[in-house]
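The values are calculated or read from the model by the stated rules, or taken from the named source; none is laboratory data. Just so you know, these numbers come straight off a predicted model, no measurement behind them. As a convention, Cβ positions derive from the backbone with ideal geometry for all residues, glycine included, and neighbour counts pool all protein chains shown. In case anyone asks, the SASA skips ligands and DNA or RNA and just uses the protein heavy atoms, side chains included. Shrake-Rupley method; radii C 1.70, N 1.55, O 1.52, S 1.80 Å.
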Amino acid sequence: MVENLAHFGTLADGRHVQVITLTAGDLSARVLDYGARLMAYQRGEGPNVHVTSDSVADFEGAMCYAGPIIGPVINRITGAQADIDGTLCHFDANQGDRHTLHSGRTGTHTALWTIDTLTDAAVTLSIALADGAGGFSGNRALTARYGLEDGGLTLTITATTDAVTLMNPGHHGIWNADGMPTWKGQLLEVPAARYLPVDADTLPTGEIADVAGTRYDHRAPAVPDPSLDHNFCFEGGFGPRCRLIGQTQTLEIHSDAPGLQAYAGGSTGLALEPQLWPDAPKNSAFPSILLGPGETFQQRSRFVIAA
């Protein structure tokens, strides 16, 4: 038996969930094969900066979005439908029976991923999605690699398809820089000049607005407004996306994703999700999330714990 692979728990349907423990120097992380889910990340004797649970039942229930790779499309799709290569496709309307949130009830966060490779410091997991699963076209293959390297935790997500499809997988991290019961007192810094305003259903209105003069201007560290559930917009290239500044340490997120969804509505942690912009099929001015045969989706993010 591999020393850093162990049984974690049993799902309601009897499937067994495994936990992978990664270590490199003073860094450690724990990942579940259920949802390719990050459940812990820490430096030395410092606190775990990711909201977690010791119960697999929690990850099936109220904490289903705590740390998994959500795919094929993270965030929201208006009306639970979209035109894909000339065909109107319908998805699971799991937000108010009107819209699709996080690929519906059977997204990749609810699946057991296959462990492809495993070392002391890195693991690669994969999942195959059949044509039509969740209403999405194409036979698709996704991988997620977590590696402790370059002074942090690097996550690389890749995807391919054999037919034109929507592809915007992302990591739904819920972070607490101090590892406390709540994230009260922590500050958020996001070096973005633009964001996407939303309507009453938290769907982008289509406007790409300046953060200046709004409650969502986090270019300097600030306490997030409780209404924050918005996408911040970035230019291309790998770079800083945010800092969550605690009393004892800071979590930094770097990514090549052009968007960062931030949600401040939870009490235990702040959701910070590098991704392509939400609801892109409805908004032609947003970066496209279409992926075709012969193309490869790739997104890289790095999570760094700093003093």
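Select from the range 104-128 the residues that are closer than 15 Å to Arg37 by Cβ and not hydrophobic (A, V, I, L, M, F, W, C) and write down the one among them that is most open to solvent (accessible area, probe 1.4 Å).
Looking at residues that are closer than 15 Å to Arg37 by Cβ and not hydrophobic (A, V, I, L, M, F, W, C), I get Thr114.
Return only the number of the condition from (1) touching a His at 6+ places or on another chain (Cβ under 9 Å); (2) open to solvent by 10 Å² or more (accessible area, probe 1.4 Å); (3) on the phi < 0 side of the Ramachandran plot that Pro221 does not satisfy.
(1)
Scan the range 34-49 and tell me whether some residue there is on the phi > 0 side of the Ramachandran plot and either open to solvent by 40 Å² or more (accessible area, probe 1.4 Å) or in contact with an Asp or Glu (Cβ under 7 Å, 6 or more places away or on another chain) (or both).
Within the range 34-49, one or more residues are on the phi > 0 side of the Ramachandran plot and either open to solvent by 40 Å² or more (accessible area, probe 1.4 Å) or in contact with an Asp or Glu (Cβ under 7 Å, 6 or more places away or on another chain) (or both).
Only one of these is crowded, with 23+ Cβ neighbours inside 10 Å and either in contact with a Phe, Trp or Tyr (Cβ under 9 Å, 6 or more places away or on another chain) or of a type in the set (Gly, Ala, Ser) (or both): Leu228, Leu260. Name it.
Result: Leu260 is the single residue among Leu228, Leu260 that is crowded, with 23+ Cβ neighbours inside 10 Å and either in contact with a Phe, Trp or Tyr (Cβ under 9 Å, 6 or more places away or on another chain) or of a type in the set (Gly, Ala, Ser) (or both).
Considering only strands (runs of 3 or more DSSP E) fully contained in the range 213-307, which possess at least 1 residues that are of a type in the set (D, E, K, R)?
Qualifying strands (runs of 3 or more DSSP E): 229-233, 239-245, 250-255, 270-275, 297-306.
If I filter the range 205-218 down to residues being surrounded by fewer than 15 Cβ atoms within 10 Å (Cβ to Cβ) and free of Cβ contacts under 8 Å to residues at least 40 places away in the same chain, which single residue comes out as nearest to Ala307 (Cα to Cα)?
Selected residue: Arg215.
Which condition breaks for Phe238 when tested against (1) in contact with a Lys or Arg (Cβ under 8 Å, 6 or more places away or on another chain); (2) open to solvent by less than 20 Å² (accessible area, probe 1.4 Å)?
For Phe238, the exception is condition (2).
Which residues, taken from the range 263-283, are open to solvent by less than 10 Å² (accessible area, probe 1.4 Å) and among the charged types (D, E, K, R)?
Glu273, Asp279, listed by residue number.
Which condition number in (1) open to solvent by 60 Å² or more (accessible area, probe 1.4 Å); (2) within 29 Å of Leu32 (Cβ to Cβ) is the one that Thr165 fails?
The single condition Thr165 does not satisfy is (1).
Has the range 283-303 got any residue that is more than 22 Å from Ile70 (Cβ to Cβ), of a type in the set (Ser, Thr, Tyr) and touching a strand residue (DSSP E or B) at 6+ places or on another chain (Cβ under 6 Å)? Break it down stepwise before answering.
Keep residues of the range 283-303 that are more than 22 Å from Ile70 (Cβ to Cβ), which gives 284-285, 293-294.
Keeping just the survivors that are of a type in the set (Ser, Thr, Tyr) gives 284.
With the extra rule that they be touching a strand residue (DSSP E or B) at 6+ places or on another chain (Cβ under 6 Å), the set shrinks to none.
Scanning the range 283-303, I find no residue that is more than 22 Å from Ile70 (Cβ to Cβ), of a type in the set (Ser, Thr, Tyr) and touching a strand residue (DSSP E or B) at 6+ places or on another chain (Cβ under 6 Å), so the answer is no.
Restricting attention to the range 129-162, report how many residues are surrounded by fewer than 16 Cβ atoms within 10 Å (Cβ to Cβ) and in contact with a Pro (Cβ under 8 Å, 6 or more places away or on another chain).
Counting residues in the range 129-162 that are surrounded by fewer than 16 Cβ atoms within 10 Å (Cβ to Cβ) and in contact with a Pro (Cβ under 8 Å, 6 or more places away or on another chain) gives 1.
Given the range 1-105, what strands (runs of 3 or more DSSP E) lie entirely inside it while holding 2 or more residues that are over 28 Å from Trp277 (Cβ atoms) and over 19 Å from the mean Cα position of the chain (by Cα)? Break it down stepwise before answering.
Details: elements: 5-10, 16-24, 27-32, 37-43, 81-84, 87-90.
Strands (runs of 3 or more DSSP E) meeting the threshold: 5-10, 16-24, 27-32.
Could you tell me which residue of the range 59-93 is surrounded by the most Cβ atoms within 10 Å (Cβ to Cβ), considering only residues that are within 19 Å of Phe286 (Cβ to Cβ) and among the polar types (S, T, N, Q)?
If we take residues in the range 59-93 being within 19 Å of Phe286 (Cβ to Cβ) and among the polar types (S, T, N, Q), then Asn75 is surrounded by the most Cβ atoms within 10 Å (Cβ to Cβ).
Of all the strands (runs of 3 or more DSSP E) wholly in the range 112-204, which have at least 1 residues that are among the β-branched types (Val, Ile, Thr) and touching a residue at least 24 places away in the same chain (Cβ under 8 Å)? Spell out the reasoning first.
Details: elements: 114-118, 122-129, 140-149, 152-161, 173-175, 187-189, 194-196.
Counting at least 1 such residues, we get 114-118, 122-129, 140-149, 152-161, 173-175.
Is there any pair linking a residue in the range 29-53 that is in contact (Cβ under 8 Å) with a residue 12 or more places away in the chain to one that is open to solvent by 30 Å² or more (accessible area, probe 1.4 Å) and among the basic types (Lys, Arg), with Cβ under 6 Å and at least six apart or on different chains, and which?
Going by the 6 Å Cβ cut-off, the qualifying pairs are Met39/Arg30; Ala40/Arg30.
Please work out if Gly96 is more than 24 Å from Ile305 (Cβ to Cβ), open to solvent by less than 20 Å² (accessible area, probe 1.4 Å) and not hydrophobic (A, V, I, L, M, F, W, C).
Judged against the criteria, Gly96 is not a match.
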